[in-house]
Amino acid sequence: MIRPVLALLLLSVPPAFAQAPNSPPPVVGLARVELRPVTESADYVGRIQAKDRVDITARISAYLETRLFIEGAEVVPGAPLYRLERAPFEAALDQQNAAVAQAQARADQAEVAFARVEALQGTAAALRSAFDDNRANRLAALAALKAARAQARLAQINLDYTEIGAPIGGKIGRATVSAGNVVGPASGPLTAIFSQDPMQVVFPIPVRALLTLEQRHSATGIFGAVQIRIRLPDGRLYEHPGRIDYKDPSVAANTDTIVLRATIPNPPLRIAAPNEPMERALIDGAFVRVSIEGLTPVVMTTVPRQAILTDVQGNYVWVINAENKAERRPVQLGQSTAQLAVIASGLTEGETVVVDGLQRVRPGIVVNPASITPPLVVTPATTTGR
């Protein structure tokens, strides 16, 4: 008799999730599914890089006499950086100038001789061979003069190379070679200059995310429809926004990402004293967090974030129908914040979802909607990619 009694007892126990027949409906708080303008934002990892970088290299082999800059300072285009030994190149220029003078004298002599022979043409004293010889001598002398002038010009260029100046403005790095060494084209860079304002930030973005952005902003294009904001390595939000100006023409096959580049201002943090390095927030090579933000809000389906629940099957909400019955509804989330969830699919405007008393809701039970939460005052809402 023990087994039948146990069976009867087990059959009489109600299911764990069933609503007791005489218990009142659980009280829950509701919120309406709404359409609202949302300014989207998606985060990526990027790297700061100078818009221009120039390695300073000696164009000639010579003795390095003087370094003329302060390491880490900002220089303007044309600022003197190094001075190389000039004496050998001055002597070479003098030698070539003398060669030009000699060639000029020979050319003048050949010109006079040719003019004399040319004047005799048509007379009995004229000789065709003499005319041809003098014309050839004249042309050879003029060619020699041209070659001498070219050599003198080359000597002047080499002399000018003894003064090394800044080809661009920006912050100059440390000197890799000290005065007293012999430097040349094979010596490698003497230093480098990095442009400072504006700077660039490059960052990879998944191809799917880029296609979504391009589709959403197809009318204007993403270059004109979004801006970027960055967080510095210490977590601070950088105050100046930037704009995307370049997209790589190919996708990285191993990561399925494409690189975007944005330009962003980098003004001085303060006015530096003379001979003091200028301080700026953005540094070439630094890693930053990059947020792509839409300039124009997009109307999207939203619910309060607390309505979203998650289990092994994914994200879902409790929808309350016209009979106050609870329905489990799977949803796909878009970009969201701690207060607001953007619904990509699963809900429509005007439906009601549970936001309070979620632990008391089970599929199919009748609930007692105590109140409907007023809409969040967010104008517009800013969402972050999750």
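Each residue of region 34-46 in turn: what ³J(HN,Hα) in whole Hz from Karplus with 6.51, -1.76, 1.60 and θ = phi - 60°, glycine and Pro shown as x?
So the Karplus estimates, Gly and Pro as x, are 10, 8, 8, x, 10, 8, 7, 8, 10, 9, 9, 9, x Hz.
Show log10 I(q)/I(0) for region 160-270 at q = 0.11 Å⁻¹, two decimals, from a solvent-free Debye sum over equal Cα scatterers.
Rounded to two decimals, the profile gives -0.59.
Per residue, how big is the convex hull of region 303-344 when only Cα atoms are used? Give it in Å³. Write down the numbers at each step before the final one.
On the way: hull volume 3.0 nm³, N = 42.
Taking only Cα atoms, region 303-344 has a hull volume of 72 Å³ per residue.
Cα extents of region 146-207 along the three principal axes, largest first, in whole Å?
61, 33, 22
What is the set of long-range amide H partners of residue 278 at a cut-off below 5 Å, with H atoms built 1.01 Å from backbone N?
74
log₁₀ I(q)/I(0) of region 322-370 at q = 0.16, 0.22, 0.28 Å⁻¹, via Debye over equal Cα point scatterers, no solvent, to two decimals?
Debye output, listed in q order: -0.54, -0.95, -1.22.
Report the calculated FRET efficiency for residue 63 and residue 135 (r = Cβ-Cβ distance, R0 = 45 Å), to the nearest 0.05.
Numbers: r = 48 Å, r/R0 = 1.07.
Efficiency at R0 = 45 Å is approximately 0.40.
Which Rg and Dmax, in Å, describe the Cα atoms of region 58-192?
For region 58-192, the Cα-based Rg and Dmax read 24.2, 81 Å.
Can you list the HN-Hα couplings for region 79-84, worked out from phi with the Karplus curve (6.51, -1.76, 1.60; θ = phi - 60°), rounded to whole Hz and with x for Gly and Pro?
Rounded to whole hertz, the list is 4, x, 10, 9, 10, 9.
Short version: ³J(HN,Hα) in whole Hz for each residue of region 135-147, in order, from phi by Karplus 6.51 cos²θ - 1.76 cosθ + 1.60 (θ = phi - 60°), x for Gly and Pro, what are they?
5, 5, 4, 5, 5, 5, 5, 5, 5, 5, 5, 5, 5
What's the percent breakdown of Cα-Cα distances in region 184-242 across 10 Å bins, shortest bin first?
Calculated P(r), rounded to whole percents: 15, 32, 27, 14, 11, 1.
Among 110, 192, 155, pick out the residue whose Cα is farthest towards the positive end of the charge dipole of region 58-192, where Lys and Arg carry +1 and Asp and Glu carry -1 on C-beta, about the Cα centre.
Ranked along the dipole, the leading option is 110.
Rule-based calculations on the coordinates, nothing more; no lab input. None of the values given here were measured: they were computed from a predicted structure. A quick note on method: Cβ atoms are made from the backbone with ideal geometry, for glycine too, and the neighbour counts reach across all protein chains shown.
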